[in-house]
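To start, the structure itself, in structure tokens.
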Amino acid sequence: MTYIVTLTPDQMADNEDDWLVSERFTKGLPTGLDTSDTGTRLALLVCDKRSRSANNGRDGVAEHGRFITWMGAVQRFNTVGPVDRSITIEPMRRCPKPVPLDGPDGILASLPSTYRAHVERALSESAGHCGMTTWHVLREALLRRHPELARYIDWLLAHLNPLVFNVEDAADRAWQEQKDAAQSLTRVADFPHSALSAWGRPASRDEPYLAGLIPDPVENSLIDHDVRAGLGGEAALFDDWRQRGDVRCDIHVLEDSTGRRLEVVNVNATPVESRLGTDMIYYHHPTHSFVFVQYKRLEPRRKEYRVNKQLLDQMERLEQVSRLSSKPARSHEWRLSPDACFLKFAHWRNGAASSTELAHGMYIPLSYARVLLEDDCTLGPRGGRIFSYERTVSYLIGSEFAELVKLGRVGTVGTSVEQLRDFGLQRAREGYSVMLGFETSNETPRERAVRARSRSAKKRPKVNSYSPPTSQQQ
């Protein structure tokens with residue numbers, strides 16, 4: 001099904017500020033409307049300006065009619081009561097300009113009568129839908145007059161039909177972990193979860209996850225000029241990494257209307273078959289603090305990880321990273337513990353997942369992992385050590401970990417950008433896939449805490465995103 005939701009101008013005005021940030025809208029469906037999980041599951045949001053009261057003192061006669069103003073993806077079908085249903089549309093994007101449906105130049109006039117009747121039937125209720133054949137005809141008409149909508153449709157369909165990862169394949173496992181690291185960064189830095197989610201397999205198995213990113217249709221990189229024009233002449237901080245011969249680096253930048261900026265850097269230096277795993281590094285430049293996460297995959301059936309020499313060696317090396325941290329001298333440098341390095345023992349229910357869903361797993365601080373390895377709770381039946389949900393009591397889940405990082409309660413103190421760059425390159429050369437997030441802003445520590453604690457989407461700023469051009473594009 002392709003859903004069509006019709007709203008008045010006032011309803012649109014009441015919701016648009018929230019949609020720009022939350023990217024989510026839940027809409028009740030008329031009783032009895034078929035909610036079969038079939039077809040595209042796209043949603044077209046239509047603003048109905050036909051009534052005289054809708055235009056008085058607002059838009060004038062020139063905008064009389066119905067207009068497609070937003071597009072989205074129907075991610076969930078909800079049961080409200082014994083017979084009532086609703087749909088959750090997420091993510092959503094505003095069309096570059098309203099698409100008229102009515103009048104001689106409107107989309108409806110270009111449709112054959114049978115299909116025009118199907119669309120009109122869907123428009124007659126506050127929410128309706130049309131089948132695949134009607135959608136194909138409608139899509140053809142939309143793209144014939146508005147070809148710019150193709151990238152909106154492709155981006156939304158990528159969210160609705162995420163690729164299934166083959167967990168038996170080394171490249172897919174690496175991309176699956178890097179995807180989770182990228183999505184963790186957007187949560188930690190408080191940017192839209194959809195920003196780094198639409199994806200297709202890169203041409204080479206050795207390329208980073210970001211190499212397959214399907215661009216957000218409203219990002220600045222789609223404008224025909226160098227991205228530096230969007231950056232005001234400022235190059236991405238890690239831009240020089242893309243010119244190195246010893247690593248493969250892809251960069252994506254997110255920026256909100258306040259100037260807060262997240263540079264996401266995905267770098268590999270070794271063939272995928274020889275990689276040791278995935279690292280996530282988040283650096284908050286205003287406080288010169290970074291947090292490190294090393295991914296480990298739980299055995300899928302028993303959700304266990306058997307400790308081996310490789311893990312013990314990696315833990316010893318990570319403990320050296322903690323020594324980079326200075327003693328806190330100011331209030332915002334205080335941490336709950338000196339831990340800045342975590343192990344994420346992750347598992348995926350299967351190869352497929354929602355495009356914005358994080359992997360389930362346990363975030364364990366390095367010092368706590370040491371305690372566990374000395375405790376009988378992790379002792380296996382044959383004398384080995386095992387990490388699992390049953391044996392580990394005080395782990396963090398993804399939302400708890402993200403909240404601590406957002407509030408600056410964990411992380412190094414006084415670490416420099418140069419140390420970050422050296423550490424990131426070192427990890428890539430050692431055989432890890434590295435997903436690094438570098439956040440800059442003019443926020444004070446107090447302003448950062450207030451934003452992190454805010455639960456109102458309408459209080460959060462609008463976000464833009466763009467990708468630096470690849471070396472082939474320059």
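Scanning region 1-37 for residues that are in a loop (DSSP other than H, G, I, E, B) and either in contact (Cβ under 8 Å) with a residue 60 or more places away in the chain or open to solvent by less than 50 Å² (accessible area, probe 1.4 Å) (or both) yields a count of 9. Suppose the filter is touching a Lys or Arg at 6+ places or on another chain (Cβ under 8 Å) and more than 24 Å from G361 (Cβ to Cβ); does R446 pass it? Spelling it out, it is not the case that R446 is touching a Lys or Arg at 6+ places or on another chain (Cβ under 8 Å) and more than 24 Å from G361 (Cβ to Cβ).
Suppose we keep only residues that are open to solvent by 30 Å² or more (accessible area, probe 1.4 Å) and of a type outside the set (G, A, S) within region 193-212. Which one would you say is modelled with the lowest pLDDT? Only one residue fits best here, namely H193. Among the residues of region 387-444 satisfying the criterion of being of a type in the set (D, E) and touching a residue at least 24 places away in the same chain (Cβ under 8 Å), which is nearest to S322 (Cα to Cα)? Step by step, filter region 387-444, then rank; the result is E430. The condition of being in contact with a Phe, Trp or Tyr (Cβ under 6 Å, 6 or more places away or on another chain), surrounded by fewer than 18 Cβ atoms within 10 Å (Cβ to Cβ) and touching a residue at least 24 places away in the same chain (Cβ under 8 Å) holds for only one of L276, L336, that being L276.
For region 396-418, a residue qualifies if it is assigned to a loop (DSSP other than H, G, I, E, B) and open to solvent by 40 Å² or more (accessible area, probe 1.4 Å), and the qualifying residues are I397, R409, G414. Please go through region 131-171 and pick out each residue that is open to solvent by 10 Å² or more (accessible area, probe 1.4 Å) and within 23 Å of A346 (Cα to Cα). N161, P162, L163, V164, F165, N166, V167, E168, D169, A170, listed by residue number.
Determine if region 75-89 includes at least one residue that is surrounded by 14 or more Cβ atoms within 10 Å (Cβ to Cβ), more than 26 Å from the chain's Cα centre (by Cα) and modelled with pLDDT under 95. Yes. Being part of a helix (DSSP H, G or I), surrounded by 18 or more Cβ atoms within 10 Å (Cβ to Cβ), in contact with a Lys or Arg (Cβ under 7 Å, 6 or more places away or on another chain) and not hydroxyl-bearing (S, T, Y) is the requirement here; does A181 meet it? Against the criterion (part of a helix (DSSP H, G or I), surrounded by 18 or more Cβ atoms within 10 Å (Cβ to Cβ), in contact with a Lys or Arg (Cβ under 7 Å, 6 or more places away or on another chain) and not hydroxyl-bearing (S, T, Y)), A181 does not qualify. Right, S322: of a type in the set (S, T, Y) and either under 18 Å from L276 (Cβ atoms) or out of contact with any Cys (no Cβ under 7 Å at 6 or more places or on another chain) (or both) or not? So S322 fails the test.
The values are calculated or read from the model by the stated rules, or taken from the named source; none is laboratory data. All values reported here derive from a predicted model rather than from experimental measurement. So basically every Cβ, Gly included, is an ideal-geometry build from the backbone, and we count neighbours across all protein chains shown. Please note that ligands, DNA and RNA were not included when accessible areas were found on the heavy atoms of the full protein model with its side chains. Shrake-Rupley method; radii C 1.70, N 1.55, O 1.52, S 1.80 Å.
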